[in-house]
Amino acid sequence: MSRQPGDQLALVAFMQAGNTSVYAGSWRHPATEHRYLDASYYADLGRLLERGLFDLMFFDDRLAMPGIHGGSVADAVRYGARPVKLDLSVVLGVLSQATSRIGLGATYSTTYHAPFHVARTFGTLDHLSGGRAAWNVVTSVNDREAQNFGVNQHMSPTERYDRADEFLEAVVGLWDTWEDGALVRDRASGIYADPSKVHELNYHGAHFDVRGPLTVPRSPQGHPVLLQAGSSGRGRDFAARWAELIFTGDPGIEVARNHYAEQKARIAEFGRDPGAVKICPMAYTVVGESEAHAAERERMFLNDLVDPMASLTLLSELMNYDFSAHDLDEIVTDELVDKSTGIRGLVQNLRTHIGDTVRIRDLAGHRATLLQGPRFVGTATQVADQMEEWFMTEACDGFVLAATHLPGSFEDVVRMVVPELQRRGLYRTEYTGSTLREHLGLERSPAAPRQPAGPAHV
């Protein structure tokens, strides 16, 4: 694979429906707006990103307040370590009416939701947004989430991905229970829809039995776009089988190039077209009117805004392991890796990037500060130079941009970086389609041929 003249990169905004951006210290920034409990806040952000011609804004989620660290939610509440998470179906409902072109995505868990519920939620969003829905598929991360759904302990990674594969089979099958052209709506004859084009699913697996059909007709995109961010070997296989946009966390360009080539090869091994799947790392942009201005902004973010306890609180949440008994300078051992359910892929990535010696503070900083992805710092020209290098040398197909503060980070990108990317021919100057699939250059999903249902056939 190689870049062709006219290829353009994708831009995705990584959102949180709560008190911080992905950057855990963003709530302390003097320019951050604390309107996240107001519908107009999300509407304004959506319209801003749409002016910047972003492909998609998608929202991360957790199903519990961080409370693994020290066995309490106290530090999450005290230090603002993402204690607020609003219901995303409502937030995206607001955005579907406030915007008209940008894609709208939400994180939903395959571990603590049911396939019918998720299929109906995203099928409905796809209709009401005019074909702009995306589902970020996750398997959830910790025991706190399990306990909010009446389960004492979170499943092992193997169990979660086995369940997730069945979950996707069932959801995609439900989206296909209505064929195109099923709706007749003939007032004269009294025929609303053609029953020969609406089918029961009758999915039977080890984890799910789903009868169907879905109560939502086939949606504008056929299937909402599927996002996924697995970093472990099983997670990368899952993404290769299902994802249409893969969200990565590679901190450096060489690591990203290797990951890009390896993931594209896995996609091909699953019989899919690697060119039809976008791979986009998370990145921060710190843009200034001058190089010195940008450097000063970066120093403020790195030095002052994230309390170390907030970092450890978020690390414990992600890893499903209580780090309160560990010192920040303690080395992460293989024994510690084996104790937590989510740490392995992250540690592997960090060892590749910084060497074999990874300390607790490296892990914590990776999750809570600006260390989680590449950081493009400088003037608009310098930031565009860095993004162009990543894109043109096949380290990525675009970027998932995270905000250091809101709405200012995205205002800087829209006002300064987007025009520079457009000048270079690397980014659209207008939306040429109306659906998210059209923005991403993806075909509308055709309905699967009708055949016996079940894990081997869906």
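The values are calculated or read from the model by the stated rules, or taken from the named source; none is laboratory data. Nothing here was measured: the structure is a model prediction, and the numbers come from that model. Cβ atoms come from the backbone with ideal geometry, glycine included; neighbour counts cover every protein chain shown.
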Check your understanding: For segment 196-216, which residues satisfy the criterion of being out of contact with any Gly (no Cβ under 8 Å at 6 or more places or on another chain) and in a loop (DSSP other than H, G, I, E, B)?
Key -> A206, H207, F208, R211, P213, T215
**Study point:** Residue check for E200: over 25 Å from the mean Cα position of the chain (by Cα), under 30 Å from M57 (Cα atoms) and surrounded by fewer than 21 Cβ atoms within 10 Å (Cβ to Cβ)
**Key:** no
Exercise for review: Filter segment 29-83 down to the residues that are among the hydrophobic types (A, V, I, L, M, F, W, C), surrounded by fewer than 15 Cβ atoms within 10 Å (Cβ to Cβ) and within 15 Å of L406 (Cα to Cα), then identify the one that is modelled with the lowest pLDDT.
Suggested key: A31
Check your understanding: Which residue out of V277, V287, V225 is hydrophobic (A, V, I, L, M, F, W, C) and within 25 Å of H366 (Cα to Cα)?
Key -> V287
Revision key, fill the gap. Of (1) over 25 Å from the mean Cα position of the chain (by Cα); (2) over 24 Å from V377 (Cβ atoms); (3) not hydroxyl-bearing (S, T, Y), H293 fails just (2)
Point to revise | Extreme residue, farthest from M282 (Cα to Cα), among residues of segment 401-454 that are acidic (D, E) and within 23 Å of the chain's Cα centre (by Cα) | key: E443
Review point. Counting just the residues of segment 232-244 that are in a loop (DSSP other than H, G, I, E, B) and in contact with a Leu (Cβ under 6 Å, 6 or more places away or on another chain), which one comes out surrounded by the most Cβ atoms within 10 Å (Cβ to Cβ)?
Key: A243
Check your understanding: Does any residue of segment 119-133 turn out to be closer than 22 Å to D209 by Cα and part of a loop (DSSP other than H, G, I, E, B)?
Key -> no
Practice item. Quick one: T158 ticks every box in (1) closer than 30 Å to L37 by Cα; (2) outside any loop (DSSP other than H, G, I, E, B); (3) among the polar types (S, T, N, Q) except a single one, so which number is it? Key: (1)
Practice item. Scan segment 8-21 and give yes if some residue there is out of contact with any Asp or Glu (no Cβ under 6 Å at 6 or more places or on another chain), in a loop (DSSP other than H, G, I, E, B) and modelled with pLDDT under 95, otherwise no. Key: yes
Practice item. Would you check which residues across segment 245-266 are closer than 18 Å to D7 by Cβ, of a type outside the set (F, W, Y) and surrounded by 22 or more Cβ atoms within 10 Å (Cβ to Cβ) and list them? Key: L245, I246, A256
Point to revise | Cβ pairs under 6 Å, 6+ apart, first in segment 204-231 and crowded, with 19+ Cβ neighbours inside 10 Å and at pLDDT 95 or above, second hydroxyl-bearing (S, T, Y) and assigned to a strand (DSSP E or B) | key: V210/Y203
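For segment 217-231, which residues satisfy the criterion of being under 12 Å from the mean Cα position of the chain (by Cα) and in a loop (DSSP other than H, G, I, E, B)?
Once the filter is applied, which keeps residues that are under 12 Å from the mean Cα position of the chain (by Cα) and in a loop (DSSP other than H, G, I, E, B), segment 217-231 yields A229, G230.
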Revision key, fill the gap. Within segment 346-401, the residues that are at pLDDT below 95, crowded, with 17+ Cβ neighbours inside 10 Å and not in a helix (DSSP H, G or I) are V358, R359, T369, L370, L371, Q372, G373, P374, R375
Review point. So which residues in segment 254-272 are of a type in the set (A, V, I, L, M) and at pLDDT 95 or above?
Key: A261, A265, I267, A268
**Study point:** Any pair with Cβ under 6 angstrom, 6 or more apart, that starts in segment 425-451 at a residue that is aromatic (F, W, Y) and surrounded by 13 or more Cβ atoms within 10 Å (Cβ to Cβ) and ends at one that is assigned to a loop (DSSP other than H, G, I, E, B) and modelled with pLDDT of 95 or more
**Key:** Y427/Q8; Y431/R101
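Would you mind stating whether R62 is basic (K, R) and closer than 18 Å to A13 by Cβ?
Here the answer is no, as R62 does not meet what is asked.
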Point to revise | Identity of the residue in segment 164-197, among the β-branched types (V, I, T) and within 19 Å of V118 (Cα to Cα), that ends up surrounded by the fewest Cβ atoms within 10 Å (Cβ to Cβ) | key: V172
Point to revise | Residue that is farthest from F391 (Cα to Cα), among those in segment 1-16 that are surrounded by 22 or more Cβ atoms within 10 Å (Cβ to Cβ) and small (G, A, S) | key: A13
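Are any residues in segment 50-84 within 30 Å of N152 (Cβ to Cβ) and either among the aromatic types (F, W, Y) or in a helix (DSSP H, G or I) (or both), and if so, which ones?
Passing the criteria: F59, H69, G70, G71, A74, D75, A76, V77, R78, Y79.
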Check your understanding: Limited to segment 85-114, what total is found for residues that are in a loop (DSSP other than H, G, I, E, B) and under 18 Å from the mean Cα position of the chain (by Cα)?
Key -> 8
Revision key, fill the gap. Per the list (1) small (G, A, S); (2) at pLDDT below 95; (3) surrounded by fewer than 22 Cβ atoms within 10 Å (Cβ to Cβ), residue check on G130 breaks on (2)
